[in-house]
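Let me begin by presenting the structure, written as structure tokens, before commenting on it.
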Amino acid sequence: MKYGAVRHYLKRTAPETALLRKGLNLNRLSSIEADTNLLPPLSGADAPPAEDIRAVALASLEDMKAENTVEIDLAGKTSLADTMIVTSGRSDRHVGAIADRVIKDLKDKGFGNARVEGLPACDWVLIDAGDVLIHVFRPEVRGFYNLEKMWGADRPQDRAS
């Protein structure tokens, strides 16, 4: 659209017309348009108050049939997070599917994008969702690192025996 056609449809001030001549486009909204076209909320800015991030993560793990899920309360132990969830998948493919589902559910519920490490290999996937850290292991890798012992929580098998 040429400058004359733009001027015909939109009334501009002198500084704006000078910028249009230079090829710069100013997309200003009128006050009526600004009131009707609200900006979308920032991703992860405000989590829904009715949903608890911990509950969303645990529900996702249960839906994906994660095994031996342990929740560790980190309040007062570290400033990294308030809760750590450690769980296992049966294989590297299962670990990847569990991690993908947790990430998707957290994003869908409005908790934003979680930071993820280890997804390509799927031996051990760490999902950092802010106040909650979620570790998804293959069973052999989980036994090797034994995070539950390091953070002072018992594994489900240890409590049963």
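Where a number appears in this text, it was derived from the coordinates with a stated rule and is not lab data. In this text the structure is predicted, and so the values were computed from the model without any measurement.
Below is a table of values for the structure above.
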{"quantity": "Gain in span if fully extended, K107 to W151, counting 0.36 nm per residue against the direct Cα distance", "calculated": "13.1 nm"}
{"quantity": "For region 48-138, the spread of Cα positions along each principal axis, largest first, Å", "calculated": "33, 29, 21"}
